[in-house]
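The values are calculated or read from the model by the stated rules, or taken from the named source; none is laboratory data. Bear in mind that the values here come from a model prediction, so they are computed numbers and not experimental data. When we count neighbours, we look across all protein chains shown, and the Cβ atoms used for this are built from the backbone with ideal geometry, even at glycine. Side chains included, ligands, DNA and RNA excluded: accessible areas come from the protein's heavy atoms. Shrake-Rupley method; radii C 1.70, N 1.55, O 1.52, S 1.80 Å.
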Protein chains: 4
Amino acid sequence: MVGENPSASPDGLAGAALQSALSIAPFHAWLGLRVEDVNDGVLHLSMPWRDEIVSNPRIPSVHGGVLASLIDLAGMYVLLTRTRAVSATASLHVDYHRPASGGPLHVHARVVKIGRTLSVADSEVRSPDGVLLASGRGSYLMRDGGIAA
Amino acid sequence: MVGENPSASPDGLAGAALQSALSIAPFHAWLGLRVEDVNDGVLHLSMPWRDEIVSNPRIPSVHGGVLASLIDLAGMYVLLTRTRAVSATASLHVDYHRPASGGPLHVHARVVKIGRTLSVADSEVRSPDGVLLASGRGSYLMRDGGIAA
Amino acid sequence: MVGENPSASPDGLAGAALQSALSIAPFHAWLGLRVEDVNDGVLHLSMPWRDEIVSNPRIPSVHGGVLASLIDLAGMYVLLTRTRAVSATASLHVDYHRPASGGPLHVHARVVKIGRTLSVADSEVRSPDGVLLASGRGSYLMRDGGIAA
Amino acid sequence: MVGENPSASPDGLAGAALQSALSIAPFHAWLGLRVEDVNDGVLHLSMPWRDEIVSNPRIPSVHGGVLASLIDLAGMYVLLTRTRAVSATASLHVDYHRPASGGPLHVHARVVKIGRTLSVADSEVRSPDGVLLASGRGSYLMRDGGIAA
């Protein structure tokens with residue numbers, strides 16, 4: 001079940017440019033996102049704990065919307081490692097498997113399909129010790145028929 | 001296309017208790033959520049603007065993860081107005097229709113189905129002047145076979 | 001929670017032309033679909049029982065894929081009542097609420113958003129006596145920027 | 001991005017029992033499904049062409065509902081290779097990548113998560129020459145807290 005076109009692309013973002021693009025978004029800066037690795041069409045990001053991301057303060061567990069944010073943004077950025085033609089999220093689907101009760105959280109995103117109008121990426125959020133907490137997929141609108149700018 | 005069991009329920013949260021429950025979550029407090037209205041199985045929440053919710057600072061537009069958060073939490077809380085047996089989000093699906101470029105944002109959630117194991121609610125996020133920005137649905141796990149505690 | 005642009009459109013399909021377009025698809029003919037009503041952006045279709053649609057022969061219950069088919073096609077055809085620019089299904093999401101154990105099944109679809117690249121419609125499948133069996137949404141690619149042909 | 005618990009299970013269906021269980025469903029018999037392989041938590045099914053599955057007779061392309069059916073049932077059966085406690089589909093999400101214009105179609109499903117209440121499986125539908133046509137995920141209700149019967 002390997003994604004298509006898994007090779008690296010000269011049209012995509014990489015290295016310091018990727019971390020820099022990621023951090024332009026104020027919400028990403030607030031989440032404290034860090035690029036851990038990009039390898040063969042798979043992007044690994046991490047997010048540290050911060051108290052404001054909590055939903056249930058008794059557990060305490062991370063809000064489902066924060067986990068959805070990670071799946072949304074990791075999918076977009078793994079596509080951006082391949083082509084800069086990604087424009088905006090069209091839709092997002094998330095399944096929640098277990099409460100996320102500690103940090104840092106790790107997100108692994110992989111390219112499923114790069115299309116002319118829509119591209120798709122799957123992501124997983126895991127605990128510090130690798131337990132699957134949430135997984136899902138984003139579908140993203142492409143600019144100019146998906147041709148890299 | 002009316003949801004089931006649209007009548008109010010003595011088992012659900014209402015009024016000040018609803019606003020209070022909503023604000024227990026640190027992430028909800030950070031978002032600044034406010035209960036505007038509950039009427040016949042439809043919950044109306046509002047969220048003020050704050051600069052950290054921005055994704056693209058050039059537009060500036062609200063991060064898709066923040067809109068997903070609104071759809072997730074509004075769906076859970078509209079179910080809680082009917083039964084306290086709602087436990088956790090099982091899955092979330094969001095479609096993004098237009099960039100959200102100003103606040104406050106308004107979320108309207110309605111009950112689709114109250115079940116023993118899973119309940120479903122649909123939500124819409126609208127701009128200050130009523131334009132549809134995002135819509136979607138959450139599916140929620142029920143506690144103790146959905147019997148109100 | 002009313003869809004946008006609910007008025008009828010001279011660019012869309014109606015009446016006998018709608019039934020005729022629906023029945024061109026061999027799978028639709030096999031399902032025996034019938035247009036019951038189109039009114040103010042809501043399409044009502046019915047599907048009779050046939051033994052091959054069963055998943056669990058002990059109940060017997062309709063296969064989830066058949067219910068997904070109904071939600072997919074009803075969403076596309078309610079959009080076609082408004083604009084002929086609908087091209088293909090981009091994505092489909094379905095929640096199953098109860099087993100469907102008798103026919104005919106009734107599908108009610110409504111327009112959520114007509115966009116330039118993507119349009120969205122919500123649908124519900126109900127039993128002969130009106131019980132909600134499944135609900136969901138399709139997202140559809142538009143042709144030529146959504147301009148009616 | 002490996003699924004959890006990938007080892008084979010003595011509680012699951014295998015071999016002739018799996019093909020036999022799959023074919024009990026009249027809709028599966030109509031689709032002509034065949035178990036090609038089960039290996040390490042991945043199920044491979046094939047479906048031959050038949051004219052009634054067509055949506056657009058001019059291409060001709062397989063109806064999106066048929067592709068959704070494949071993703072729904074392949075996800076359920078890959079879970080059944082691991083535990084017989086799978087009960088019913090709770091939700092289904094499908095993305096359509098390219099028209100499916102020839103057969104046989106191949107479906108590859110893998111276990112994402114086996115839970116007490118809900119289990120999740122991802123599936124891909126590919127053309128005879130391996131091109132990705134559709135992909136998606138099903139979420140399935142578990143019986144008796146997911147304990148194998």
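List of remarks:
- Of all residues in the stretch B:84-123, those satisfying the criterion of being in a strand (DSSP E or B), open to solvent by 10 Å² or more (accessible area, probe 1.4 Å) and away from chain A (no Cβ under 14 Å) are B:His106, B:His108, B:Arg110, B:Lys113, B:Asp122.
- Checked against (1) free of Cβ contacts under 8 Å to residues at least 60 places away in the same chain; (2) open to solvent by 10 Å² or more (accessible area, probe 1.4 Å); (3) within 12 Å of another protein chain (Cβ to nearest Cβ); (4) out of contact with any Phe, Trp or Tyr (no Cβ under 9 Å at 6 or more places or on another chain), D:Ala16 passes all but a single condition, namely (3).
- Counting the residues of the stretch D:56-70 that are in contact with a strand residue (DSSP E or B) (Cβ under 7 Å, 6 or more places away or on another chain) and either outside any helix (DSSP H, G or I) or facing chain C (nearest Cβ under 8 Å) (or both) gives 7.
- Flag for D:Gly65 being more than 21 Å from C:Ser61 (Cβ to Cβ) and small (Gly, Ala, Ser): no
- Put simply, of C:Ile24, C:Ile53 the only residue that is facing chain D (nearest Cβ under 9 Å), under 30 Å from D:Ala88 (Cα atoms) and either modelled with pLDDT of 95 or more or touching a Pro at 6+ places or on another chain (Cβ under 9 Å) (or both) is C:Ile53.
- Residue tally, condition modelled with pLDDT under 95 and closer than 21 Å to C:Ser139 by Cβ, over the stretch B:89-112: 0
- Figure legend. Inter-residue proximity from the stretch B:57-79: first residues under 19 Å from A:Val54 (Cβ atoms) and without any contact (Cβ under 8 Å) to a residue 40 or more places away in the chain, second residues of a type in the set (Gly, Ala, Ser) and buried (at least 24 other Cβ atoms within 10 Å of the Cβ), beta-carbon distance below 6 Å, spacing 6+ or different chains. Indicated pairs: B:His63/B:Ser55; B:Gly65/A:Ala68; B:Gly65/A:Ser69.
- C:Val42 falls short on exactly one of the conditions (1) touching a strand residue (DSSP E or B) at 6+ places or on another chain (Cβ under 8 Å); (2) of a type outside the set (Lys, Arg); (3) crowded, with 24+ Cβ neighbours inside 10 Å, and that condition is (3).
- Test: A:Arg110 is under 15 Å from the mean Cα position of the chain (by Cα) and among the charged types (D, E, K, R): yes
- With respect to the conditions (1) touching a Gly at 6+ places or on another chain (Cβ under 8 Å); (2) of a type in the set (Gly, Ala, Ser); (3) open to solvent by 40 Å² or more (accessible area, probe 1.4 Å), A:Gly138 falls short on a single one, namely (3).
- Any chance D:Ala14 is of a type outside the set (Phe, Trp, Tyr), under 16 Å from the mean Cα position of the chain (by Cα) and modelled with pLDDT under 95: yes
- Among the numbered conditions (1) away from chain C (no Cβ under 14 Å); (2) acidic (Asp, Glu); (3) touching a residue at least 12 places away in the same chain (Cβ under 8 Å); (4) assigned to a strand (DSSP E or B), the only one that D:Asp37 does not meet is (3).
- Tallying residues that are surrounded by fewer than 24 Cβ atoms within 10 Å (Cβ to Cβ), under 30 Å from B:Ser23 (Cβ atoms) and not acidic (Asp, Glu) within the stretch A:45-83 yields 10.
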